[in-house]
Amino acid sequence: MSTSATASVSTHILDTSIGRPAAAVAVRIAARGGEGAPWTALGGSTTDADGRCKDLPAPPEGTTHVRLDFDTGTYFASTRQAEAQQDAPRARDSGAFFPEVAITFAVTPGEHYHVPLLLNPFGYSVYRGS
């Protein structure tokens with residue numbers, strides 16, 4: 001384990017409906033120092049061609065929870081993946097059932113948290129990666 005006083009966070013997105021990385025998805029990060037504490041926006045990034053965000057701002061010292069907000073609606077509206085699925089119900093206004101995905105997780109100082117998002121127009125899954 002690192003001796004850093006802060007946690008670090010990275011993410012990537014795989015669009016499972018096409019089996020490829022989801023590029024150009026806006027990702028915002030926020031942090032708080034305890035349950036019930038207010039969220040502090042830290043900034044954001046955009047996924048690269050490999051679906052990765054490698055440059056998210058580090059949470060400040062004292063962070064206990066991190067939230068990642070993914071702008072999935074804009075991604076699906078631009079790629080039109082929801083309409084391309086023959087057996088899927090007609091797409092919603094944003095082009096996806098989930099126009100945004102917000103993931104909140106607990107962190108420990110000094111640890112790295114890689115949080116992959118497996119995404120398709122009508123569902124998603126996340127896990128702690130490595």
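Scanning region 5-34 for residues that are assigned to a loop (DSSP other than H, G, I, E, B), under 20 Å from Thr74 (Cα atoms) and among the small types (Gly, Ala, Ser) yields a count of 5. Restricting region 3-43 to residues that are at positive phi and without any contact (Cβ under 8 Å) to a residue 40 or more places away in the chain, the residue that is surrounded by the fewest Cβ atoms within 10 Å (Cβ to Cβ) is Gly36.
Residues in region 99-121 that are closer than 11 Å to Phe76 by Cα and at pLDDT 90 or above: Pro99, Glu100, Leu119, Asn120.
Among the residues of region 109-130, the ones that are assigned to a loop (DSSP other than H, G, I, E, B) and either closer than 23 Å to Ala7 by Cα or touching a strand residue (DSSP E or B) at 6+ places or on another chain (Cβ under 7 Å) (or both) come to 7 in all.
Does Asp50 qualify as being in a loop (DSSP other than H, G, I, E, B), modelled with pLDDT of 95 or more and not hydroxyl-bearing (Ser, Thr, Tyr)? Judged against the criteria, Asp50 is a match.
Confirm whether Pro60 is more than 14 Å from the chain's Cα centre (by Cα), at pLDDT 95 or above and not aliphatic (A, V, I, L, M). So Pro60 fits the description; yes.
The values are calculated or read from the model by the stated rules, or taken from the named source; none is laboratory data. Everything quoted here is computed from the prediction, not taken from an experiment. Note that each Cβ is placed from the backbone with ideal geometry, even for glycine, and that neighbours are counted across all protein chains shown.
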